[in-house]
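Peer 1: Take a look at this one; I'll ask things after.
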Amino acid sequence: MPTRSGTAPGPAPSRPLDVLGVPGEINLDYAASAPCARAAADAVAELLPWYASVHRGAGALSRRCTLAYERARQTVGDFFGARADDHLIFTRNTTDALNLLARAVPAGTTVVTFAGEHHANLLPWPRGSVRLPVPTDPAGAVRALAAALTELRRDSNAALPVLVAVTGASNVTGERWPVAELARVAHRHGARIVLDAAQLAPHTPVDLLALDVDYLAVSGHKLYAPFGAGVLVGRADWLDAAPPYLAGGGATSHVGPATHDVTWATGPARHEGGTPNLLGAVALAAVCAALAGADRAALAASEQALLTRLRNGIAALRHVVELRTFGPDTPRVGIVSFVVAGRDSAEVAARLAADHRIGVRDGLFCAHPLARRLLTEAAGRTGRRDLPPTALRASIGLGSTSAQVDRLLAALATLG
Ligand SMILES: Cc1ncc(COP(=O)(O)O)c(C=O)c1O
């Protein structure tokens, strides 16, 4: 319709936290990789004409790229509440960040995790690590950690380091873990703690200082910033003392003629050997800046309303069973896993895609020990013998709508 001035109204201006997508395709798989935020796409598009080397060139383009990369480091560090003396290392993703930390822990470190972790936070840790059973509620996690650390300190050399590695929110159930309480327990026993914030950070502010965690790992691609950057941020001492994660250019301060005549850099450069991922870092920083300026409480409230709609809808379908570790009212982020009784989960996912243009995830979600346990628990809770051996997962975030949730529920209803 023409406006009063006679010009047709243009499309609504895009906002930094709008997400890109394809009309008609319903993406309910944010927990795997979230869609790209406008802020990330714009930041990359703006920088691309200037694209050149980072830390390696004297030209104007290269200097601008170096500045953009280091500004990104500052922005991302500020966003996650990094302490002034922490290092922030750009990595490929959370898996890469946790593997880096696993290589940096001092010799003799015992790492304590729970069996409910994603494989990225189960598999990198050195031999001798302790894997605690999945607790039945968040308070149980705190008690189990306190007991394990007490025992560990009694049985082993108290001078040896201990690192607790926990997730902030489960990638299977979305349930939140009591990170601040676990950090308190860890520190009371002289241990450090690393937070796998891959699933927490996209949904709620995560502040290293406020939670009092020593290290934090995240993935840009789950935080609306594709282009392949992740982050490890935390205490400098272990990182500066460790062998470089990737030996090569950029990680050194001096290389002499003899084979092993190398002085490694300290600081983030030590573990960022090779040409860094400038666009990934800039995209991630752009999303962090946009989120920092947004009303996160309002975003979380609308996500929670959608999540409630989805969970209530699932609960109303007698043939669909939700998976959960803790009680049904445990705080959680926008992730729900479930099974359709009597139906193979891969087949259901394929039908949702083919017949309804809905994208969800199926399988055991790279958390095999937890997913298998929850499938067994669901069978016990419901008394059903026809639950499949793998599950489905729907996950939401910025840009998700009640119409999309309702389309999923309607599609699931047809499978009864
Ligand atoms: C809780 C959690 N930790 C770690 C990861 C690993 O993330 P990435 O694949 O980006 O390395 C994931 C991925 O799904 C996750 O959900």
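The values are calculated or read from the model by the stated rules, or taken from the named source; none is laboratory data. Bear in mind the structure is a predicted one, so any value in this text is a computation, not a measurement. Heads up, the Cβs are rebuilt from the backbone with ideal geometry, glycines too, and the neighbour counts pull from every protein chain shown.
Peer 1: Which of the residues spanning segment 84-115 are within 10 Å of the ligand (Cβ to nearest atom) and not hydrophobic (A, V, I, L, M, F, W, C)?
Peer 2: Selection gives 91, 92, 93, 94, 95, 96, 99.
Peer 1: Let me ask something additional. Give the residues of segment 95-108 that are within 17 Å of residue 234 (Cα to Cα) and not aliphatic (A, V, I, L, M), sorted by residue number.
Peer 2: 95, 96, 99, 103, 106
Peer 1: Mind counting the residues in segment 21-49 that are aliphatic (A, V, I, L, M), within 15 Å of the ligand (Cβ to nearest atom) and surrounded by fewer than 21 Cβ atoms within 10 Å (Cβ to Cβ)?
Peer 2: Total satisfying the criteria: 1.
Peer 1: Hey, among 91, 110, 66, which residue is in contact with a strand residue (DSSP E or B) (Cβ under 8 Å, 6 or more places away or on another chain), of a type in the set (Ser, Thr, Tyr), buried (at least 17 other Cβ atoms within 10 Å of the Cβ) and closer than 20 Å to residue 248 by Cα?
Peer 2: Step by step, each of 91, 110, 66 is checked, and only 91 is in contact with a strand residue (DSSP E or B) (Cβ under 8 Å, 6 or more places away or on another chain), of a type in the set (Ser, Thr, Tyr), buried (at least 17 other Cβ atoms within 10 Å of the Cβ) and closer than 20 Å to residue 248 by Cα.
Peer 1: Could you count how many residues in segment 292-313 are crowded, with 21+ Cβ neighbours inside 10 Å and touching a helix residue (DSSP H, G or I) at 6+ places or on another chain (Cβ under 7 Å)?
Peer 2: Of segment 292-313, the ones crowded, with 21+ Cβ neighbours inside 10 Å are 307, 310.
From what is left, the residues that are touching a helix residue (DSSP H, G or I) at 6+ places or on another chain (Cβ under 7 Å) are 310.
The number of residues fulfilling the criteria is 1.
Peer 1: Within the group 256, 273, 249, which residue is touching a Leu at 6+ places or on another chain (Cβ under 6 Å) and of a type outside the set (A, V, I, L, M)? If you could, list the steps in order and put the result at the bottom.
Peer 2: Details: 256 fails: touching a Leu at 6+ places or on another chain (Cβ under 6 Å); 249 fails: touching a Leu at 6+ places or on another chain (Cβ under 6 Å).
Answer to the check: 273.
Peer 1: Can you list residue pairs whose Cβ atoms sit under 9 Å apart, with the first residue in segment 121-137 being within 16 Å of the ligand (Cβ to nearest atom) and the second being basic (Lys, Arg)? Count only pairs 6 or more apart in sequence or on different chains.
Peer 2: The qualifying pairs are 122/131; 124/103; 125/131; 134/373.
Peer 1: Scan segment 163-177 residue by residue and report those that are among the hydroxyl-bearing types (Ser, Thr, Tyr) and either part of a strand (DSSP E or B) or on the phi > 0 side of the Ramachandran plot (or both).
Peer 2: 167
Peer 1: May I pose another question? Report, by residue number, each residue of segment 341-360 that is within 16 Å of the ligand (Cβ to nearest atom) and either more than 17 Å from residue 321 (Cα to Cα) or surrounded by fewer than 21 Cβ atoms within 10 Å (Cβ to Cβ) (or both).
Peer 2: Across segment 341-360, the qualifying residue is only 359.
Peer 1: Condition first: in contact (Cβ under 8 Å) with a residue 24 or more places away in the chain, within 25 Å of residue 113 (Cα to Cα) and of a type in the set (Val, Ile, Thr). Can you find one or more residues in segment 335-355 that meet it?
Peer 2: yes
Peer 1: Going through segment 227-250 one residue at a time, which ones are within 26 Å of residue 208 (Cα to Cα) and more than 23 Å from the chain's Cα centre (by Cα)?
Peer 2: 237, 240, 241, 242, 243, 244, listed by residue number.
Peer 1: Now, a different point. Name every residue in segment 242-264 that is of a type in the set (A, V, I, L, M) and in contact with a Gly (Cβ under 8 Å, 6 or more places away or on another chain), in order of residue number.
Peer 2: Selection gives 246, 247, 251, 262.
Peer 1: Going through 283, 201 one at a time, which residue ends up being out of contact with any Lys or Arg (no Cβ under 9 Å at 6 or more places or on another chain), surrounded by 24 or more Cβ atoms within 10 Å (Cβ to Cβ), at pLDDT 95 or above and not charged (D, E, K, R)?
Peer 2: Testing whether each residue is out of contact with any Lys or Arg (no Cβ under 9 Å at 6 or more places or on another chain), surrounded by 24 or more Cβ atoms within 10 Å (Cβ to Cβ), at pLDDT 95 or above and not charged (D, E, K, R) leaves just 283.
Peer 1: Among what's in segment 236-247 and is touching a residue at least 40 places away in the same chain (Cβ under 8 Å) and buried (at least 17 other Cβ atoms within 10 Å of the Cβ), pick the residue that is farthest from residue 270 (Cα to Cα).
Peer 2: Within segment 236-247, the match that is farthest from residue 270 (Cα to Cα) is 238.
Peer 1: If you take the residues of segment 185-198 that are touching a Lys or Arg at 6+ places or on another chain (Cβ under 8 Å) and not aliphatic (A, V, I, L, M), which of them is nearest to the ligand (Cβ to nearest atom)?
Peer 2: Of everything passing the filter in segment 185-198, 192 is nearest to the ligand (Cβ to nearest atom).
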